[in-house]
Amino acid sequence: MKPIVIAIDGPAGAGKSTVSRTLAQRLGYRYVDTGAMYRVIGVLAAEQSIELTDASVLAPLCDTVTIRFETAGERVRTFADDRDLSDLIRSAAAGQLASKVSTVPAVRDRLVAQQRALGAGGGVVMEGRDIGTVVFPSAPLKVFLDASPLERARRRAAELQARGERADVDAMAREIADRDTRDRTRAHSPLRPADDAHVIDSTGRGIEAIVDELVELARRAQGIERA
């Protein structure tokens, strides 16, 4: 059975990370969070006072930093070279930084090349916003995970509160709406479902039920259907 690339796209708060990590564990696949890569670049750019739209500086930054992932128990940690940025990149501010640098074509070009290298050979669940449309348009299984705006805002607020950050659902809803607008209307790699993606609404659904559905889709994509 040849391992495949599973592409999971969707907006912020749709449940991509939890679903993708759980699916990778169930299948014995590697998990790659491409959104974390943009968050790393955004955070590093902010630390170095780099203008978030300055391709002439952002592109070399992407070329010189090595972004890698390490699985620690049930958590995947994100490193920039040898620096663990796992906690820092999960703030609401880091999400906004990521959304801004991701509109720069030179940044996307370089990170897409890195993402393709990480997914070479298959056996990977890769989540993001353009995996099925740009990074791996020929992936055997493409999923677009979505949820209602209110549900997404509640989830994101709960995540931040669990880390001890203050989070207001209404404010989070506004931030998500702003990010959706940037992601869906950018000229380069806009957020949208691939034409052949399985669109799944996660509103009110449990993680295990969604993962069960995706495991079945993965079996079919590999040509193995249950008897």
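The values are calculated or read from the model by the stated rules, or taken from the named source; none is laboratory data. Here the structure is a predicted model, which is why all the values come from computation and not from measurement. Every residue, glycine among them, receives a Cβ derived from its backbone with ideal geometry; neighbour counts consider all protein chains shown. Just so you know, the surface numbers come from the protein's heavy atoms only, side chains and all, with ligands and any DNA or RNA stripped out. Shrake-Rupley method; radii C 1.70, N 1.55, O 1.52, S 1.80 Å.
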> If you take the residues in region 58-74 that are among the aliphatic types (A, V, I, L, M), farther than 14 Å from SER102 by Cα and modelled with pLDDT of 95 or more, which one is surrounded by the fewest Cβ atoms within 10 Å (Cβ to Cβ)?
Replying inline: VAL65
> Tell me, which residue of region 17-75 that is among the aromatic types (Phe, Trp, Tyr) and touching a Ser or Thr at 6+ places or on another chain (Cβ under 7 Å) is farthest from GLU213 (Cα to Cα)?
Replying inline: TYR38
> Of all residues in region 89-122, which are within 17 Å of ALA167 (Cβ to Cβ), of a type outside the set (Gly, Ala, Ser) and open to solvent by 60 Å² or more (accessible area, probe 1.4 Å)?
Replying inline: ARG90
>> So if I check each of ALA153, ALA139, ALA117, which one is among the small types (Gly, Ala, Ser) and free of Cβ contacts under 8 Å to residues at least 60 places away in the same chain?
In response: ALA117
> Can you tell which of PRO11, PRO60, PRO3 is more than 25 Å from ASP178 (Cα to Cα) and assigned to a loop (DSSP other than H, G, I, E, B)?
Replying inline: PRO3
> So how many residues does region 1-11 have that are on the phi < 0 side of the Ramachandran plot and either acidic (Asp, Glu) or buried (at least 24 other Cβ atoms within 10 Å of the Cβ) (or both)?
Replying inline: 5
